[in-house]
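The values are calculated or read from the model by the stated rules, or taken from the named source; none is laboratory data. The structure displayed is predicted, hence computed values, not measured ones. Every residue, glycine among them, receives a Cβ derived from its backbone with ideal geometry; neighbour counts consider all protein chains shown.
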């Protein structure tokens, strides 16, 4: 095993928007002596937080792209990725979590578990990432970390246990009580860099002892040694830490830390927790798929001498060309090493190898398993696997959600058109959730993404970074079509134009299915359709479903069963059966009572309680269904399901209704049926649009 690997941690910082992730990262950089002055996210100095290197990030005060850095803390090397909190940039979170060994889940001591906290937690569970929780903003009015700890248990289903308790809250927040050492810890000096330990204040002693009992009780489930020592009332600090570490790595325990990053309290103790409780790369099992042996799983070894296996998890087009972030899972990478890209089946030589720090970098000669580094000038795509020549492994791919919103975009002149094309190529390569195509009917360039903010940021980046003067049309919803009943077909395709003709007959039925976009069932018996033509039938039906006849959007939720057919010894071919399948689907589609489906979004609005009525009314006006509402003294959270088509411009509306005090998040939930009156309007509108295109 790499001897340095025990002293290595790969962690991510993720949370709901505005929970203080970037502020926390800024403090970590400062205490690890990576930077010499603290800058705020919306700081008056105009510098902006170190990890928010993009101009747009500094202006908006949000993180758009995940940023990587490397710090040292008490002899340990920590790779940190600061990820966006806004749900529109969810792919940035997905690809960061894919390569991390541990995470810090940041929660607001006032807001608690918020909508995006639940989404982030679901992503952490998907990739099996152990985590610590940090309850931030204990200095804010209404802060209650113990309530937030209970929410972690109730709403996220995690076995959370307090490692600390705060000394004072709100304006009186002074420090923390460490429940392992049973010491009061104060963070003093201009930026909290001086740590002072003393006895626990007398008024907190009884509560601290009770909470330490809870901690040991929870941790003893992961250590027989601690359980025995606990019964004899002789539990040592080392036994507690060892048990908490075992529980955290197995993802059955979540240690909870408290503090205020903005007020410089609790961050160093959190770093101690990262080192003490999160796994090193050797303690996380990673597997690859062997492409030469039916994608059999192969366990990757944390051995720098083994053949190299690395994953390209993020691309960035910087000043010096394409930058490819990689996580090395096995083996090592040196300057001049030859690697093989298993997707493109091409070899390349490593030219420049760098370690990243937000937008700056340092050149290095070698990186070993467990490292997160970047390569220059490699032609690849996000999610590619790089291996040593001689092996053919692939890391399993990341989950990439489908885009739900589209926008027509045009350039004002020829120069802008060229720049726009360059920008679109780059953005599509960098971000798998951002897609672009040219509409074959209108000849317009269409961009697709995860939400209004997502597309808004890319359009703004086109204007700033590429000087592309572009005009955008009204946002368009990614509708779908589906069927509601079973319908039979018996279709013959016959074409005779001299020489060999085309002949194919297929018969069967289409029927609606739930939870699946498409299923093809072959029930041909006795060779009525020769076996070699069956895939052509499947291909034809798939092609026909790309565009329904109601409003021209893709058809989903259909099972096609073919039961009979006829072939001709001379005139039948793949093309004939593919054409027959397309014709059969188009002919039978209207008989299956098609309907229009629209994207339904999971919307969560948080506002002061006095505006709850206005929030409810605004959701009802948008055909929304309120699923739940939770009210506390300081905030009311309303969870609802609302059609995407009704949510355009909602940010402006909600700000004016609540004097700018409310915020909301929105993510795709499912496709739902469009009401009949709206469906009729859509069909009429799409028919007019098609007629206009034909006329042009």
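Condition check: crowded, with 21+ Cβ neighbours inside 10 Å and either touching a helix residue (DSSP H, G or I) at 6+ places or on another chain (Cβ under 9 Å) or free of Cβ contacts under 8 Å to residues at least 40 places away in the same chain (or both). Does residue 477 satisfy that? When the stated conditions are applied, residue 477 does not pass them. If you scan region 335-365, which residues turn out to be part of a strand (DSSP E or B), surrounded by fewer than 15 Cβ atoms within 10 Å (Cβ to Cβ) and at pLDDT 85 or above? The answer is 338, 346, 347, 349. For region 562-578, state whether one or more residues are in a strand (DSSP E or B) and closer than 16 Å to residue 539 by Cβ. Scanning region 562-578, I find at least one residue that is in a strand (DSSP E or B) and closer than 16 Å to residue 539 by Cβ, so the answer is yes. Do we have residue 465 as under 25 Å from residue 649 (Cα atoms) and modelled with pLDDT of 80 or more here? The answer is no for residue 465. If you go through region 554-565 and pick out every residue that is surrounded by fewer than 20 Cβ atoms within 10 Å (Cβ to Cβ) and over 30 Å from residue 527 (Cβ atoms), you end up with 2. For residue 627, the test of being in contact with a strand residue (DSSP E or B) (Cβ under 8 Å, 6 or more places away or on another chain) and either modelled with pLDDT under 90 or surrounded by fewer than 15 Cβ atoms within 10 Å (Cβ to Cβ) (or both) is passed. Scanning region 98-114 for residues that are in a helix (DSSP H, G or I) and either free of Cβ contacts under 8 Å to residues at least 24 places away in the same chain or surrounded by 23 or more Cβ atoms within 10 Å (Cβ to Cβ) (or both) gives no hits. Among the candidates 246, 269, the residue that is part of a helix (DSSP H, G or I), modelled with pLDDT of 90 or more and out of contact with any helix residue (DSSP H, G or I) (no Cβ under 8 Å at 6 or more places or on another chain) is uniquely 269.
Taking region 400-421 as the search range and keeping residues that are touching a strand residue (DSSP E or B) at 6+ places or on another chain (Cβ under 7 Å), assigned to a loop (DSSP other than H, G, I, E, B) and in contact (Cβ under 8 Å) with a residue 60 or more places away in the chain, which one is surrounded by the fewest Cβ atoms within 10 Å (Cβ to Cβ)? Selected residue: 401.
Look through region 169-189, keep the residues that are part of a loop (DSSP other than H, G, I, E, B) and out of contact with any helix residue (DSSP H, G or I) (no Cβ under 9 Å at 6 or more places or on another chain), and return whichever of them is modelled with the lowest pLDDT. Filtering first and then ranking leaves 189. In the set 28, 64, 17, only one residue is modelled with pLDDT of 70 or more and either surrounded by fewer than 24 Cβ atoms within 10 Å (Cβ to Cβ) or touching a strand residue (DSSP E or B) at 6+ places or on another chain (Cβ under 7 Å) (or both); that residue is 28.
The one condition from (1) under 21 Å from residue 283 (Cα atoms); (2) at pLDDT 85 or above; (3) outside any strand (DSSP E or B) that residue 147 does not meet is (1).
Filtering region 653-677 to residues that are loosely packed, with under 14 Cβ neighbours inside 10 Å, in a helix (DSSP H, G or I) and either touching a helix residue (DSSP H, G or I) at 6+ places or on another chain (Cβ under 8 Å) or modelled with pLDDT of 85 or more (or both) leaves 676, 677.
Taking region 630-647 as the range and being surrounded by fewer than 16 Cβ atoms within 10 Å (Cβ to Cβ) and modelled with pLDDT of 80 or more as the test, the residues that pass are 630, 631.
Could you check region 152-185 and list, in sequence order, the residues that are surrounded by 14 or more Cβ atoms within 10 Å (Cβ to Cβ), over 23 Å from residue 142 (Cβ atoms) and without any contact (Cβ under 8 Å) to a residue 40 or more places away in the chain? 179, 182, 183, 184 - these are the residues of region 152-185 that are surrounded by 14 or more Cβ atoms within 10 Å (Cβ to Cβ), over 23 Å from residue 142 (Cβ atoms) and without any contact (Cβ under 8 Å) to a residue 40 or more places away in the chain. When every residue of region 594-608 is checked against the conditions, none turns out to be in contact with a helix residue (DSSP H, G or I) (Cβ under 6 Å, 6 or more places away or on another chain), more than 30 Å from residue 651 (Cα to Cα) and surrounded by 18 or more Cβ atoms within 10 Å (Cβ to Cβ).
Considered as a group, the residues in region 378-395 that are in a loop (DSSP other than H, G, I, E, B) and under 26 Å from the mean Cα position of the chain (by Cα) include one that is surrounded by the fewest Cβ atoms within 10 Å (Cβ to Cβ), and that residue is 379. Output yes when any residue across region 117-127 is surrounded by fewer than 24 Cβ atoms within 10 Å (Cβ to Cβ), within 16 Å of the chain's Cα centre (by Cα) and farther than 22 Å from residue 637 by Cβ, and no when none is. Yes: one or more hits.
Would you confirm whether any residue within region 312-334 is over 30 Å from residue 429 (Cβ atoms), assigned to a strand (DSSP E or B) and at pLDDT 90 or above? There is no residue in region 312-334 that is over 30 Å from residue 429 (Cβ atoms), assigned to a strand (DSSP E or B) and at pLDDT 90 or above. Against the numbered list (1) in contact (Cβ under 8 Å) with a residue 60 or more places away in the chain; (2) buried (at least 19 other Cβ atoms within 10 Å of the Cβ), residue 251 comes up short only at (2).
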